[in-house]
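Data block below; observations after.
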Amino acid sequence: MKRRLMLLAGTFVALMGAFLTYRFFSPTAGVDQQGQPPEIALSHPATQPKGATDMPEVQNPEIIQRDDQGHLRAIYKASRMLRTGRDEVRLDRPDVMLYLKDNQRIYIRADSGQMEGEEIANGFNFRRGRLSGNVTLLFDRPEFGETRPPEERMEDLVRIFMGEVDFDNERLTIRSEGAVTVFSPEVDIRGRGLLIRWNTAPRELQLFRIDEGDMMIVKQVPEEYATFSLPGGPGAASQGEGEATTASAPASHPATASSPATRAAPTAIALDLRTTEPASQPATTSAPAGGMRTEPLNVYRAEFHDRVNVDHGQQHMHGADVLRLTFEWSGREDRLRRKTTKTSPTAVTSQSEEPTSASAPATEPATQPAREPMKITWFGPLVVQPVEYTPEPDQKRYRIGAEGDRIAMTDGRVSADCTAFEFLSPEQTGHLSGTDKTPIRLAMENGEEVVSEKIAFDRRAGTARLTGRGYMLRPPAQATTQPATAPSGDRISWTDSVAVQFVETRQGDRARQEIRNARFLGGVELLEGRTGDFVRCDDLDVTMAPGVSGGRTYPARAMARGHVTARQEGSDIEADKVTMTFAPAGEGEAARARPATVLAEGHVKIRDLRGKEPTIATADRVDADVEARTAKLTGKEATIRQGPNSLVGGQIELNEKDESAVVVGPGRLSFLTRKDLNGQDLPQPREITVAWSRGMGYGNKNNAAAFTGDVDLVSGPDRMQCETMQIWMERTESATQPAQTQPAGERDRRLALNLENYSGRRLAMIKAKGAVRVQSRREDPDKRFLRLQLTGEELLYDASRREMTVPSPGTLVVEDYRLPKEGATTRPADATPAGEMAGAIVRPWQTLFQWNRLMELKQAERQAIMEGEAIMVHRSGRQIVASLEELGLPDWPKDLEEGRRTRLTCERLLAQFSPADAGILDVQLPAALGGVGRTELR
């Protein structure tokens with residue numbers, strides 16, 4: 001996420017006109033005690049040192065002004081000087097040369113001048129006056145060793161043109177109502193109306209103002225003033241720290257002064273306001289006893305007003321109502337740097353031999369293209385004022401800001417709209433501001449967009465903070481020739497703020513800052529346009545990582561907290577906290593990150609709506625490995641539910657590749673079946689619930705589930721209990737369909753547990769071990785019931801063959817407490833033993849079967865075979881042993897038959913039961929073989 005904003009540079013150069021004009025009209029301006037010209041050539045040798053102004057008219061006068069130590073300050077010339085009053089003179093074609101420090105000079109010329117003042121001991125003191133007609137001010141800053149006269153190097157001079165200018169040394173003001181034009185190697189300025197005001201104690205400028213702006217062209221833009229970058233923008237870090245050598249101050253000396261191609265660029269203007277002090281006197285930082293400040297203010301604020309526009313190459317800023325620059329002025333340091341550079345030929349030679357580097361170029365080659373100028377236009381005033389004092393001024397320390405209804409900025413790669421911005425150097429901090437109705441809008445060249453109410457950043461610390469409602473928009477990774485059908489981009493929005501952390505990376509010799517962490521607060525919504533997947537939460541913390549082979553950075557880790565809702569690959573998730581990790585998808589800019597792991601915590605709820613019936617999972621914690629296609633649900637009661645099917649446990653482990661599920665510890669499984677435990681087909685699917693205490697494992701590939709520990713299976717009125725149980729289900733067409741023949745979406749999104757395969761399935765087989773108990777019960781409307789109980793150490797139920805086998809000692813108890821059928825008789829029509837036995841079985845009755853080796857129950861034949869010391873005990877009528885109170889039954893009918901008590905023992909017993917419509921296991925005909933013994937008590 002790169003952002004670069006243009007910085008107004010060179011505004012301080014506008015002070016040049018103020019300073020040099022201020023020097024000319026200030027009567028006590030000091031001079032440098034070092035480096036004065038050895039002699040002064042006067043154009044009028046007959047000039048009198050004193051009293052010359054007593055004459056009413058003087059042709060070609062020349063007035064020399066010196067300070068108290070006799071140092072030359074100025075030479076005043078004119079074609080004619082005419083006294084027009086006691087203290088007033090008129091000058092025709094005045095020509096003035098002022099001497100400043102470092103061999104710098106100011107030339108002032110005009111068509112005429114009207115002055116008011118008085119003669120003093122060492123010259124003439126002008127109190128106030130006016131220069132009219134083609135007023136020209138030339139400021140000469142000759143390079144070290146320069147011998148050519150100013151007329152031969154006008155391009156190196158600062159030239160200021162005005163139609164008329166008034167000055168008042170008593171009110172300490174300079175005023176020009178007309179047009180003002182400045183030309184210099186560094187800057188050209190056009191405007192209208194000039195006002196300069198200053199103090200004398202201490203020596204400082206109070207106000208520099210151009211009433212109506214027009215245009216400023218900054219030709220030499222120092223690199224550190226040219227641009228600033230938000231975190232994430234490209235650029236050398238050394239320049240961001242203010243350490244790089246700029247092209248405006250090269251280290252090498254030009255080969256010849258007259259060679260324009262190799263001439264060094266002029267340095268920034270450095271005029272010392274403390275002109276009444278000797279050059280060697282150190283600056284003072286303390287105030288005298290009276291509290292009066294003695295040091296001049298050296299921190300300035302410049303303001304451009306009304307429709308301010310700045311253009312610099314590809315960088316543009318338009319629409320500011322006010323543009324403000326606060327900077328520090330340090331003329332003494334600049335002079336020292338210039339003298340050191342130009343008086344150390346050895347140092348220059350050594351620097352010129354050093355190889356060029358990105359952070360400190362030793363020499364600027366003659367073939368290097370000139371830096372593009374900066375153009376500033378405005379329509380209101382330009383105001384420059386001193387605001388404070390610092391004992392150690394630094395030109396690289398500045399503050400820049402702008403305000404407006406809509407400020408538009410761009411650098412050709414990034415554009416920004418805002419209502420205000422501010423930047424501080426060398427701190428490299430700043431902010432952009434907007435409003436809720438006019439937010440900041442950043443648009444990147446790659447189509448990315450950022451919108452927020454305020455953006456504050458610290459480039460050195462690599463941080464940024466976005467405050468207020470906003471969003472970030474990322475376009476689709478791959479371009480398309482069909483914009484109307486192109487997928488939407490990724491979008492993240494928030495209502496509170498975003499905190500961003502950056503790090504610097506390098507690609508070759510290019511440095512750039514990339515996001516490493518971003519935290520979004522308040523109403524966060526992340527929307528993936530390609531798939532429609534989303535994340536909504538109160539707090540989202542994203543950690544980024546470098547892409548593969550220079551590709552896009554990608555979110556290595558994302559943590560969402562507070563009212564989290566999300567959709568991922570068709571599944572919805574709700575939780576208090578969700579943490580996701582990602583893996584890079586591949587090489588190149590278009591590669592997208594893939595989810596690697598998902599950790600959801602606190603009141604987790606997952607919904608998958610893609611199947612025939614929605615799947616819903618709830619847990620305290622869900623830990624999923626997306627690449628391995630595994631998941632673990634934990635909680636007091638973690639649950640997976642699909643329609644009538646459900647799986648509950650303290651820890652549920654799913655493996656989608658193996659199509660398996662494991663429950664560690666207690667749990668229960670519920671699903672539908674079309675057969676009961678007696679092998680009877682059901683008219684409607686019935687729910688089966690299996691509970692256990694130690695664990696469960698399920699594999700969809702073998703279509704089986706295993707349960708351990710206090711297993712309890714309940715299906716309507718049927719129940720089976722044991723220590724361990726295995727259940728096999730009949731396979732359906734969808735379950736047996738090869739993966740390659742299934743739709744791609746189904747293969748990718750198949751649930752690990754595959755609960756939908758349970759619904760309406762038929763039981764194929766049940767194998768139970770350890771204290772097996774099977775119970776079944778049927779009730780009439782009057783609460784009278786028929787029940788069955790089967791016990792043994794092992795049970796195998798084959799539903800497809802409708803056979804149940806108990807290969808261990810066991811018992812079978814069948815009880816029918818329903819009222820006798822109408823027409824039932826106590827004696828059969830025939831007299832055979834079988835008929836006698838069958839006829840004797842009337843309701844209510846109780847029958848107990850017991851064996852020591854094996855029992856087989858065949859539902860198709862409606863018979864049971866018991867082997868090994870088989871015993872049958874039968875009671876009916878009034879001979880049943882259970883009391884009505886124990887059974888919870890109403891009174892028997894008064895005509896209830898006496899019934900029978902029968903005991904049968906044998907080695908092998910076959911029991912024939914009534915047809916299925918007669919009820920479960922109605923004993924119809926027993927047959928005994930081997931060692932038969934029968935006892936009947938009446």
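The values are calculated or read from the model by the stated rules, or taken from the named source; none is laboratory data. Given the structure is predicted, the values throughout are model-derived calculations rather than measurements. With ideal geometry, Cβ positions are generated from the backbone for all residues, glycine too; neighbour counts draw on all protein chains shown.
Here is how the numbers come out for the structure above:
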{"quantity": "Residue list for segment 864-885, filter: closer than 30 Å to MET804 by Cα, surrounded by fewer than 18 Cβ atoms within 10 Å (Cβ to Cβ) and not aliphatic (A, V, I, L, M)", "calculated": "GLY868, GLU869"}
{"quantity": "Evaluation of GLY35 against (1) at pLDDT 80 or above; (2) out of contact with any Ser or Thr (no Cβ under 9 Å at 6 or more places or on another chain); (3) surrounded by fewer than 20 Cβ atoms within 10 Å (Cβ to Cβ) (one fails), failing number", "calculated": "(1)"}
{"quantity": "Options GLU177, GLU164; residue that is more than 25 Å from LYS219 (Cβ to Cβ), surrounded by 17 or more Cβ atoms within 10 Å (Cβ to Cβ) and not assigned by TED's automatic domain parsing to the domain that holds GLU116", "calculated": "GLU164"}
{"quantity": "Output for segment 73-109, where each listed residue is among the basic types (Lys, Arg) and more than 60 Å from the chain's Cα centre (by Cα)", "calculated": "ARG73, LYS77, ARG80, ARG83, ARG86, ARG90, ARG93, ARG109"}
{"quantity": "Filtered residue count, segment 64-77, keeping only those that are closer than 17 Å to ARG93 by Cα and in contact with a Gly (Cβ under 6 Å, 6 or more places away or on another chain)", "calculated": "0"}
{"quantity": "Filtered residues of segment 776-796 (kept if of a type outside the set (A, V, I, L, M) and modelled with pLDDT of 90 or more)", "calculated": "GLN789, THR791, GLY792, GLU793, GLU794"}
{"quantity": "Whichever residue in segment 102-141 is touching a strand residue (DSSP E or B) at 6+ places or on another chain (Cβ under 8 Å) and not in a strand (DSSP E or B) and, among such residues, is modelled with the lowest pLDDT", "calculated": "ASN122"}
{"quantity": "In segment 388-406, the residues that are touching a Leu at 6+ places or on another chain (Cβ under 7 Å) and β-branched (Val, Ile, Thr)", "calculated": "ILE400"}
{"quantity": "Test result for LEU854, of a type in the set (A, V, I, L, M, F, W, C), over 16 Å from ASP816 (Cβ atoms) and buried (at least 17 other Cβ atoms within 10 Å of the Cβ)", "calculated": "yes"}
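Listed here are the residues, each with its yes/no results for (1) of a type in the set (Lys, Arg); (2) under 20 Å from ALA705 (Cβ atoms); (3) assigned by TED's automatic domain parsing to the domain that holds PRO685.
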| residue | (1), (2), (3) |
| --- | --- |
| ALA617 | no, yes, yes |
| ASP620 | no, no, yes |
| VAL626 | no, no, yes |
| LYS632 | yes, yes, yes |
| GLU637 | no, yes, yes |
| PRO644 | no, yes, yes |
| GLY649 | no, yes, yes |
| ILE652 | no, yes, yes |
